[in-house]
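Beneath this line is the structure, given in C-alpha cells, with notes to follow.
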Amino acid sequence: MEDYISPFDATVVTALTKAGAHITSRNNCDEFAMGGLNKHSIFGPVANPAVYEDVHEPDMTAQPPRSPGGSSGGAAAAVRANLCRVAIGTDTGGSVRLPAAFCGVYGLKPSYGMLSRWGVVSYADSLDTVGILARNVADVQTVYDVLAQPDAHDSTCVEAKVRATLRENVAQRIASLDVPLQGLRIGIVAEAFPAEMEHQHAQAADDVLEALRTLGATLVPLRAPTRTQAPSAYYVLALAEASSNLGRFDGIRYGAHPSAETGASFYADIAANRTYGFGEEVAKRILLGTYALTAEARQRHLHAALRIREALAQETRRIFALPDLRVASYEVDPQGVDMLVYPTSLAPAPRLDEATSHEYAQDTLTVEANLTGLPAFSVPVQHRVHKDNVALPIGLTFQTQWGYDALLFYVVQQLQQHTNAWLD
C-alpha cells in the first residue's frame, strides 16, 4: 500500500475536519493493525516517549527503548510526546487502550457502532472500533461527541433514535446519583485480576476503587468465569475475519505487485504478490485465520469460538443493572452494577528487545470488550512501576454497559475532581 492514495476520507476524518480539527500527520502502527507492541511496522518499532520525557537528550543505549503498546502505538506516542492534542486509532482487541496504558495517556474504545467505521482498513469487522487518545478526559469527550453520529455508509453504525434513548438513559442515571457518586455500583471481577498481574497494577486498582468507595460508590465482588476463555475465542474469530478481509490485497485490486515470473499461473502470481507484500506477523495471522475457516477446523475452532462469544455476551449482560438496548427483551438485574474497574494491562511497558513473550499475554484483559462490543476507557493513574531507573505508567480500565459511554466520562471526571491524588 506504499503508493496507494485513498479516493475518499474516512467518515471520522471528515467529521473532525468539518468541526475545525487540523489533521497533522499519519502515525506509525503495526502492519494492518496486527500486533500488541508496535514492533511489526514496515517503518520499524515505535519507542515509548514516557521513558524519556524528563531527559533532554535520550540515550537509548543506557536506557533501552520500551514498547508504546500496539497496534496504535504511534498514536499514543504522538499524544504523550505532545506532537498532537488528540490522536485516532483503531481498537480490535485493545489496540487503543494498551498503548494508552503504556504511554500514560487516556484511551477510549467506544461502544461498537457508536463511531462509523466507513473508510477504516478492516482487520476484523465485528471487533474493529475507532478509538480516541488524548492527554485529558475533556478532549476525549469533545472528540467523541463530534464523532459519535449516525452514518448511512456504515450498516453497523447506531441510528439516531437509539442514540437519543441512550443519551436520556445516561442523563437519568447520572441524575439519580447523589453528589459525587453516592449510589453508583462498581463491579470488581475476580477474573480481571489474574495471578500473572504485577502487584503494583493490582495495588493501583485497589487504591482507585477505595477512592470510589469514599465518594459513595458501592463495591461489588463478581465472578465472570467465561472471561478466561475470551482470548482463545478472540484470536480464532479475529484471525478468521482477517483472513477474509485481507484477501483483497492480492496485487491486482490492491497491494504490492512485483514482476511475475514468465509463465507463472494466475494463482502462483497472486501467491508471489502476497508473499512479497505482507510482513511475517500478518502472513502468520492470515494463515492461522485461513485454517480456522477450513472444513476441518470450522466446527472444532470457529464454532466453538462463536459459542464462547455468545456465552460471554450473556454473562456480561447479567452483570449490569443498565439495559442493553441491542437486545429486544431480557430481565435486567436491579442488583447489577453500573461499571467495572480493573487494570488495563498485566504489567508495564516491556523493553522492545525483550517484548516477544508479552505480545499476546497482554490481550488477556482487553479482548473481552471487543467481543462484547462494550465501551472501555483506559485512564492513567499516579502510581508508577519503577524498573531500570524508569517510572513506567499504569492504566486502569473503566467499563460499562453498551451505549453508556458518557457515564464513563462522568465518573472519571468526578474521581479526578474529588480525588486528585489518584489520577493524572
Is it fair to say Pro68 is open to solvent by 10 Å² or more (accessible area, probe 1.4 Å) and touching a helix residue (DSSP H, G or I) at 6+ places or on another chain (Cβ under 6 Å)?
no
Contact list, first residue from region 271-299 and under 15 Å from Ser244 (Cβ atoms), second anywhere and open to solvent by 40 Å² or more (accessible area, probe 1.4 Å), beta-carbon distance below 6 Å, six or more apart or interchain, is Val282/Phe32; Ala292/His301; Ala297/Tyr291
Kindly evaluate Arg173 against the criterion of being under 24 Å from Val327 (Cβ atoms) and among the basic types (Lys, Arg).
yes
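Test of understanding: among Val120, Val143, which residue is open to solvent by 10 Å² or more (accessible area, probe 1.4 Å), in contact with an Asp or Glu (Cβ under 7 Å, 6 or more places away or on another chain) and aliphatic (A, V, I, L, M)?
Val120
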It is to be established whether one or more residues within region 169-189 are closer than 20 Å to Ala19 by Cα and not charged (D, E, K, R).
no
Let me spell it out: the conditions are (1) over 15 Å from Gly187 (Cβ atoms); (2) in a helix (DSSP H, G or I); (3) open to solvent by 10 Å² or more (accessible area, probe 1.4 Å), and Glu315 meets all of them except one. Which number is the exception?
(1)
Please state which of the following conditions Pro180 fails to meet, knowing it meets all the rest: (1) in a loop (DSSP other than H, G, I, E, B); (2) under 21 Å from the mean Cα position of the chain (by Cα); (3) closer than 17 Å to Leu407 by Cβ.
(2)
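Considering each residue of region 318-375, count those that are in a helix (DSSP H, G or I) and among the hydroxyl-bearing types (Ser, Thr, Tyr), and give that number.
As a first pass, look at region 318-375 and keep what is in a helix (DSSP H, G or I): 318-319, 352-354, 356-358, 361-365, 367-372.
Restricting the remaining residues to those that are among the hydroxyl-bearing types (Ser, Thr, Tyr) gives 356-357, 364, 372.
Number of matching residues: 4.
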What about Ala164, is it without any contact (Cβ under 8 Å) to a residue 60 or more places away in the chain and in a loop (DSSP other than H, G, I, E, B)?
no
Residues (over 16 Å from Gly131 (Cα atoms), among the aliphatic types (A, V, I, L, M) and open to solvent by less than 10 Å² (accessible area, probe 1.4 Å)) located in region 353-389:
Ala355, Leu365, Val381, Val385
Could you list, in sequence order, the residues of region 16-52 that are part of a helix (DSSP H, G or I) and open to solvent by 60 Å² or more (accessible area, probe 1.4 Å)?
Thr17, Lys18
Just one of Leu127, Leu108, Leu209 is open to solvent by less than 40 Å² (accessible area, probe 1.4 Å) and either of a type in the set (Ser, Thr, Tyr) or out of contact with any Ser or Thr (no Cβ under 9 Å at 6 or more places or on another chain) (or both); which is it?
Leu209
Would a scan of region 254-269 turn up a residue that is surrounded by fewer than 17 Cβ atoms within 10 Å (Cβ to Cβ), assigned to a helix (DSSP H, G or I) and at pLDDT 95 or above?
no
List pairs: first in region 238-253 and in contact (Cβ under 8 Å) with a residue 60 or more places away in the chain, second among the β-branched types (Val, Ile, Thr) and not in a helix (DSSP H, G or I), Cβ under 7 Å, 6+ apart or cross-chain?
Ala238/Thr92
In region 386-414, the residues that are among the hydrophobic types (A, V, I, L, M, F, W, C) and within 22 Å of the chain's Cα centre (by Cα)
Leu392, Ile394, Leu396, Phe398, Trp402, Ala406, Leu407, Leu408, Phe409, Val411, Val412
Residues that are open to solvent by less than 10 Å² (accessible area, probe 1.4 Å), assigned to a loop (DSSP other than H, G, I, E, B) and of a type in the set (A, V, I, L, M, F, W, C), drawn from region 71-96
Val96
Residues Asn28, Asn48: which one is in contact (Cβ under 8 Å) with a residue 60 or more places away in the chain and closer than 30 Å to Phe249 by Cβ?
Asn48
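The values are calculated or read from the model by the stated rules, or taken from the named source; none is laboratory data. As the structure is a computational prediction, the values presented were derived from the model and not from experiment. Note that each Cβ is placed from the backbone with ideal geometry, even for glycine, and that neighbours are counted across all protein chains shown. To get the accessible areas, we keep the full protein, side chains included, count just its heavy atoms, and leave off ligands, DNA and RNA. Shrake-Rupley method; radii C 1.70, N 1.55, O 1.52, S 1.80 Å.
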